[in-house]
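Q: Pasting a structure here, questions to come.
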Amino acid sequence: MEATSGNDEVISGELTSVAHAVSLPAESYGNDPDIEMAWAMRAMQHAEVYYKLISSVDPQFLKLTKVDDQIYSEFREDFKKLRIDVLDPEELKSEGAKEKWRPFCLKFDGIVEDFNYGTLLRLNCSQGYTEENTIFAPRIQFFAIEIARNREGYNKAVYTSVQDKEEEKGANSGGDEGANSGGEEEKGANREGEKEKINKGGEKEKDAYKEINKSGEIAM
């Protein structure tokens, strides 16, 4: 299921605010506003693609990189008790946290393309990319946390919320044809619908993988 134009407008509006609010230290750019905006736009595009993806495909079926298994295994080995549904910025940005994250990130130098490029990361995985809910993170940190959120079921909240809204909208506009036609037939249709979603999800996954890996090309 594609995200609706209304959802697109909301997402784009929120991400535009994020792009203006989040920036790298000035010394990274030499105070060049054009480079800063280029980074912001790349980060925004990456975030928009990813949020649409987890809104339209059950996140447990997603594959974000070619080495998801390795990223997840290494992440949970190094950060067994890290809470990922609602992130504490101190667990990512404090000096102590940076010392712990640095060796993890460096493991993927040469394995994950552009592993340290700038990316936007949501703090609360049940919410979208708003100013209050977004921090800046290296790409491999984004992948580690989001792969874990997908596999451990935390990102399901976004998918479920969007799908519920779509179904409600469809029902209100007369899109509930056959809704009252009865039990077993409806269950069968739902099962077929889920299979179709999964199959379409695989196609979207491939496209989204390409898009995700085009984004975030401004180095930290």
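The values are calculated or read from the model by the stated rules, or taken from the named source; none is laboratory data. Quick caveat: nothing in here was measured; it's all calculated off a predicted structure. Positions of Cβ are backbone-derived with ideal geometry, glycine not excepted, and every protein chain shown enters the neighbour counts. In case anyone asks, the SASA skips ligands and DNA or RNA and just uses the protein heavy atoms, side chains included. Shrake-Rupley method; radii C 1.70, N 1.55, O 1.52, S 1.80 Å.
Q: Tally the residues that are of a type outside the set (Lys, Arg) and assigned to a helix (DSSP H, G or I), restricting the search to segment 90-112.
A: Counting residues in segment 90-112 that are of a type outside the set (Lys, Arg) and assigned to a helix (DSSP H, G or I) gives 12.
So that you can scan it fast, the table gives a plain yes or no per residue for (1) loosely packed, with under 12 Cβ neighbours inside 10 Å; (2) in contact with a Phe, Trp or Tyr (Cβ under 8 Å, 6 or more places away or on another chain):
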{"position": "Leu62", "(1), (2)": "no, no"}
{"position": "Thr65", "(1), (2)": "no, yes"}
{"position": "Asp69", "(1), (2)": "no, no"}
{"position": "Arg76", "(1), (2)": "no, no"}
{"position": "Lys81", "(1), (2)": "yes, no"}
{"position": "Glu99", "(1), (2)": "yes, no"}
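Results for (1) hydroxyl-bearing (Ser, Thr, Tyr); (2) modelled with pLDDT under 95; (3) more than 14 Å from the chain's Cα centre (by Cα), shown as yes or no for each residue.
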residue: Phe104; (1), (2), (3): no, no, yes
residue: Lys107; (1), (2), (3): no, no, yes
residue: Glu131; (1), (2), (3): no, yes, yes
residue: Pro138; (1), (2), (3): no, yes, no
residue: Glu146; (1), (2), (3): no, no, no
residue: Ala157; (1), (2), (3): no, yes, no
residue: Ser161; (1), (2), (3): yes, yes, yes
residue: Gly178; (1), (2), (3): no, yes, yes
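Q: If you don't mind, there's one more thing I want to ask. Which pairs do you get when a residue that is under 14 Å from Ala144 (Cα atoms), found in segment 84-98, comes within reach of a residue that is open to solvent by 30 Å² or more (accessible area, probe 1.4 Å) and of a type in the set (Ser, Thr, Tyr), reach meaning Cβ atoms under 9 angstrom, with the pair 6+ apart or on two chains?
A: Once the first residue is under 14 Å from Ala144 (Cα atoms) and sits in segment 84-98, its partners that are open to solvent by 30 Å² or more (accessible area, probe 1.4 Å) and of a type in the set (Ser, Thr, Tyr) give Ile84/Tyr154; Asp85/Ser126; Asp85/Tyr154.
Q: Across segment 108-166, what is the total count of residues that are of a type outside the set (A, V, I, L, M) and within 20 Å of Asp78 (Cβ to Cβ)?
A: The number of residues fulfilling the criteria is 18.
Q: Just one of Gly153, Gly110 is open to solvent by 70 Å² or more (accessible area, probe 1.4 Å) and at positive phi; which is it?
A: Being open to solvent by 70 Å² or more (accessible area, probe 1.4 Å) and at positive phi holds for just one of Gly153, Gly110, which is Gly110.
Q: Return a yes/no flag: does segment 33-43 have any residue that is part of a helix (DSSP H, G or I), at pLDDT 95 or above and open to solvent by less than 60 Å² (accessible area, probe 1.4 Å).
A: no
Q: Considering only residues of segment 132-147 that are part of a strand (DSSP E or B) and among the aliphatic types (A, V, I, L, M), which is least open to solvent (accessible area, probe 1.4 Å)?
A: Looking at residues that are part of a strand (DSSP E or B) and among the aliphatic types (A, V, I, L, M), I get Ala137.
Q: It is to be established whether one or more residues within segment 3-16 are at pLDDT below 50, outside any helix (DSSP H, G or I) and at negative phi.
A: Yes, that holds for at least one residue.
Q: Further, regarding this structure: Given the conditions (1) closer than 27 Å to Ala38 by Cα; (2) assigned to a helix (DSSP H, G or I); (3) modelled with pLDDT under 95; (4) not hydrophobic (A, V, I, L, M, F, W, C), which single one is not true for Glu166?
A: Among (1) closer than 27 Å to Ala38 by Cα; (2) assigned to a helix (DSSP H, G or I); (3) modelled with pLDDT under 95; (4) not hydrophobic (A, V, I, L, M, F, W, C), Glu166 violates only (1).
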